[in-house]
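The values are calculated or read from the model by the stated rules, or taken from the named source; none is laboratory data. Keep in mind the model is a prediction, meaning the values are calculated, not measured. Note that we place each Cβ from the backbone using ideal geometry, even for glycine, and neighbour counts take in every protein chain shown. Ligands, DNA and RNA are stripped out before the accessible areas are found, and what is left, the full protein with its side chains, is counted by its heavy atoms. Shrake-Rupley method; radii C 1.70, N 1.55, O 1.52, S 1.80 Å.
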Amino acid sequence: MNAPTREQEGGQRARAGGLLNLFAPVFHRQLDRLDRGIVEGGLELTLPGGATRMLGGRAPGPAAVVDLRSWRALLRLALGGSAGWYEAWAAGEWASPDPVQLFALFSRNRAGLAAQSRAHGVSLWPRKIAHWLHRNSRAGSRRNIHFHYDLGNDFYRLWLDPGMTYSSALFADAAQSLEAAQAAKLQAMLDRTATGPRDEILEIGCGWGSFAELALRAGRRIHGITLSTEQKAWAEARTQGLEGARFSLTDYRDVTDSYDAVVSIEMAEAVGRAYWPAYIAAIARALKPGGRAALQVISFDDAMFEGYAANVDFIQTYVFPGGLLVSERAFRELAEANGMAWRDEARFGASYAETLRRWREAFDTAAEAGLLPAQFDRKFIDLWRYYLMYCEGGFRGGGIDVLQVTLVKGERG
């Protein structure tokens, strides 16, 4: 049998659209609005009927290609924002040879596309209610951490670096290994504490213990706190025999001891806006006078933050319930209100994009080899691959960034 011609294929695609084809003029107006919002880069679309259309393309930037197989995808985008767009992808309503470029395009043009890429109307309120139910109270934090981090050490070890560090590495250049770039990041965080041998560091959100091991081998003492039983067990095992290590299942709000320094690496994103004051106050309370806190946080563009925070995006819906990226402006104000100066800020979003690319390559290799734990089906694997691409595109487009900063207790800003 001969393969269908392009015209025949277009006819099949159009017929598959059903009643939605009657609303094609409405969807073309939606595309017009998207076109106006794309200032840098471009999007080449193949439409459900087989025709092609270019959006943007007026200035250099990310170049994305999308096969829009059903108008329903645009309906999902209009109602559900980024979560709806994922649902359309999972349903096979759109495809792309490189979704990272599409996400980078939306991130680069966030100011012009914000209204087109957030949930609206009847779709928004159920998502907001679900997000509120996942707020990070003490009980809620435990549930949310369990949902994301307790997928099992056998899952994460297949695609993280050998040190099991689930946060951005700090690359000096593209030739550097992920393991070396992660070690550089951890050393930079230790250096920010300005601690010496026998000093004790509180690590809020200790992960699988990679920072703790580095600090212990450098002669520091560590109290690592987490709400993940899987991570605590791994951290204890890797630091067994090293003097000065202790780990506990402790909420940051329940810390009562004083420490020479505090470290928190990409923990703030799991706190939630309502609890930011408690998180920053806990850091200030834990620090001895003159002590330093080293934070690594993922920030969202402050100019766009309020709109982002008022919505519920793909990650909050499907990957990290209760999560919210950080407003640098708000965190700085909270730090200063709690008697801590904001010092030596360093941004490295390009390193996070590279970290995510490497994670995705390892994840894909493990998935294709059938190495992922048996309980994770194809739907789950596709979701996580989409998540890694979505985040990489966000960093490449500049809408999100990662930074390290030192907070010094008792100094004026």
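The residues of segment 246-266 include none that are within 25 Å of Ser299 (Cα to Cα) and open to solvent by 40 Å² or more (accessible area, probe 1.4 Å). For Ala346, state whether it is open to solvent by less than 10 Å² (accessible area, probe 1.4 Å) and small (Gly, Ala, Ser). The answer is no for Ala346. Candidates Arg53, Arg72, Arg36, Arg76: the one that is among the basic types (Lys, Arg), open to solvent by 60 Å² or more (accessible area, probe 1.4 Å) and in contact with a Leu (Cβ under 8 Å, 6 or more places away or on another chain) is Arg72. Being open to solvent by 60 Å² or more (accessible area, probe 1.4 Å), modelled with pLDDT of 95 or more, more than 12 Å from the chain's Cα centre (by Cα) and hydroxyl-bearing (Ser, Thr, Tyr) is not true of Thr406. Across segment 7-33, which residue is nearest to Ala51 (Cα to Cα) among those that are at pLDDT below 50 and open to solvent by less than 60 Å² (accessible area, probe 1.4 Å)? Once the filter is applied, the top-ranked residue is Gly10. Cβ-Cβ under 9 Å, sequence separation 6+ or interchain: first residue in segment 44-68 and over 11 Å from Leu31 (Cβ atoms) and part of a loop (DSSP other than H, G, I, E, B), partner open to solvent by 60 Å² or more (accessible area, probe 1.4 Å) and among the polar types (S, T, N, Q). Which pairs? Listed by first residue and then by second, the contacts come to Gly50/Gln12.
Of the residues Glu230, Glu336, Glu243, only one is part of a helix (DSSP H, G or I) and surrounded by fewer than 19 Cβ atoms within 10 Å (Cβ to Cβ); which?
Numbers: Glu230 fails: surrounded by fewer than 19 Cβ atoms within 10 Å (Cβ to Cβ); Glu243 fails: part of a helix (DSSP H, G or I).
Of Glu230, Glu336, Glu243, the one residue that is part of a helix (DSSP H, G or I) and surrounded by fewer than 19 Cβ atoms within 10 Å (Cβ to Cβ) is Glu336.
Cβ-Cβ distances below 6 Å connect the following pairs, each with a first residue in segment 208-224 that is over 17 Å from Ala183 (Cα atoms), a second residue that is open to solvent by 20 Å² or more (accessible area, probe 1.4 Å) and assigned to a strand (DSSP E or B), and a separation of six or more residues or different chains: Arg221/Glu200; Ile222/Ala245; His223/Arg246; Gly224/Phe247.
Mind counting the residues in segment 69-87 that are in contact (Cβ under 8 Å) with a residue 60 or more places away in the chain and part of a loop (DSSP other than H, G, I, E, B)?
Going residue by residue through segment 69-87, those that are in contact (Cβ under 8 Å) with a residue 60 or more places away in the chain are 81-83, 85-86.
Those left that are additionally part of a loop (DSSP other than H, G, I, E, B): none.
The qualifying residues number 0.
The residues in segment 365-390 that are of a type in the set (A, V, I, L, M) and outside any helix (DSSP H, G or I) can be counted, and the count is 4. Out of curiosity, is Arg285 in a helix (DSSP H, G or I), at pLDDT 95 or above and in contact with a Phe, Trp or Tyr (Cβ under 7 Å, 6 or more places away or on another chain)? The answer is no for Arg285.
Of the residues Ser82, Ser96, the single one that is of a type in the set (S, T, N, Q), modelled with pLDDT under 95, on the phi < 0 side of the Ramachandran plot and surrounded by fewer than 24 Cβ atoms within 10 Å (Cβ to Cβ) is Ser82.
Per the listing Ala353, Ala362, the residue uniquely touching a Phe, Trp or Tyr at 6+ places or on another chain (Cβ under 6 Å), open to solvent by less than 10 Å² (accessible area, probe 1.4 Å), part of a helix (DSSP H, G or I) and small (Gly, Ala, Ser) is Ala353. If you go through segment 123-145 and keep only what is open to solvent by 50 Å² or more (accessible area, probe 1.4 Å) and at pLDDT 60 or above, you end up with just Pro126. Find all pairs meeting these conditions: Cβ atoms under 8 angstrom apart; at least six residues apart or on different chains; first residue within segment 232-257 and in contact (Cβ under 8 Å) with a residue 40 or more places away in the chain; second residue assigned to a loop (DSSP other than H, G, I, E, B) and open to solvent by 70 Å² or more (accessible area, probe 1.4 Å). As it stands, the answer is Gly244/Arg198, since those pairs meet every condition given.
Picking from residues in segment 155-169 that are open to solvent by 20 Å² or more (accessible area, probe 1.4 Å) and over 16 Å from the mean Cα position of the chain (by Cα), the one that is farthest from Leu295 (Cα to Cα) is Leu158.
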